[in-house]
Amino acid sequence: MSTDTLPIFLRRLGLTAIVREYETAITRAEADNWGYRRFLHHLIETETNERLTRRIERLLKESGLPAQETLARLAPEKFPEKARRLLPTLRSGEFIRRGDALCVFGLPGTGKSAYVSAVCRDLVERHQVKVLFLSAYKLVSRLLVAKRDLVLPALLTKLNRYDIIVVDDISYITQSIAENDVLFAFFAERYERERSVAVTSNLVPSQWDQIFKNPMTAAAIIDRLVHRGYQLEFAGESFRAQAAKARRS
């Protein structure tokens, strides 16, 4: 068989990185006297690394995570001590494998969403975790439409494909019974299936009676979030307020 047909077979197998690297690798192998094992290892490693890069790019695109929020941009000294100490544990991804929750509370502008977003981006890059980031308002809207169309169970099953779902700004949702009901269905489903959620809120759980009309619903959701997982409170002044003061000084 002619070696001229090799690129054709490689493309059929979807080994596009090897196709691109093949001729260059041969030149290097001959110049540096590589053995067959090293030559093959180099080609397979090239293909594997490129596939991993493409997978991470796809996961990040599908996640909806804010592109600007990364751990490299975080200023650790601005976050609570507990949040700093917990960071290595969260980056390990073990809490997601257990289906634990991450709840971050605090006043607006204290960095809750930035912290959660940066952690989740790191988890995608390090562990190829499937993340979905969306506001509580958008989540509730999708759930309500699904309930109206009698496909709520199907949507909840679809959402279970994500390893972790970030529900941002839960304290901003409209306080209607219908919205509370579908949100409870979402959290109950995630809890029962041992799928992780991350929640940010301007209100601590003891104040969630301001979000949920039914106190029993609030208690049931809080119970599921705190039973398995971590709770962080971000206190202090808003980062935006701090920046405004710095500009005036």
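Only the coordinates and a few stated rules stand behind these numbers; no lab work does. Model, not experiment: these values are computed from the prediction. Quick reminder, even Gly has a Cβ in these numbers, built from the backbone with ideal geometry, and neighbours come from all protein chains shown.
Treating the Cα atoms of the stretch 64-248 as identical point scatterers in vacuum, please give the log10 of the normalised Debye intensity I(q)/I(0) at q = 0.12, 0.17, 0.20 Å⁻¹, two decimals. With no solvent term, the Cα-only Debye profile gives -0.56, -1.11, -1.49.
Counting neighbouring Cβ atoms within 10 Å and putting the fewest first, the residues Ser206, Ser141, Ser117 line up as Ser206, Ser141, Ser117. Spin-label model, Glu94/Gln128: points 7 Å from Cα along the beta carbon direction are separated by 2.3 nm.
Measuring nothing but how far apart in sequence close Cα pairs (under 8 Å, 6+ apart) lie, relative to its length, the stretch 3-62 scores a relative contact order of 32 percent.
Per residue of the chain, the DSSP helices (runs of n ≥ 4 H) give a summed -39500 (n - 2.57) that works out to -18500 deg cm²/dmol at 222 nm. Once the chain from Thr157 to Gln175 is taken as fully extended at 0.36 nm per residue, the excess over their C-alpha distance is 4.0 nm. Charge dipole of the chain (Cα centre as origin; +1 on each Lys and Arg Cβ, -1 on each Asp and Glu Cβ, all else neutral): 240 debye, rounded to the nearest 20. Taking each residue as 0.36 nm, the span from Arg54 to Ala31 lengthens on full extension beyond its C-alpha to C-alpha distance by 5.2 nm. In this structure, the amide hydrogen of Gly229, modeled 1.01 Å from its nitrogen in the peptide plane, lies closer than 5 angstrom to those of Ala101, counting only residues at least 5 positions away or on a different chain. Farthest toward the positive end of the dipole of the chain, out of Asn160, Leu87, Leu52, is the Cα of Leu87, where the dipole comes from beta carbon charges about the Cα centre. Between Ser206 and Ser141, the FRET efficiency from the beta-carbon distance, with R0 = 30 Å, is close to 0.65. The lysines whose alpha-carbon is closer than 28 Å to the alpha-carbon of Lys138, local same-chain residues fewer than 8 away aside, are Lys61, Lys112, Lys130, Lys147, Lys158, Lys213.
Distant-in-sequence amide contacts of Phe234, defined by a placed amide H-H separation under 5 Å and a gap of 5 or more residues or a different chain, comprise Phe105, Gly106. Each Cα pair under 8 Å and six or more residues apart adds its separation to the average, and for the stretch 64-248 the resulting relative contact order is 34 percent.
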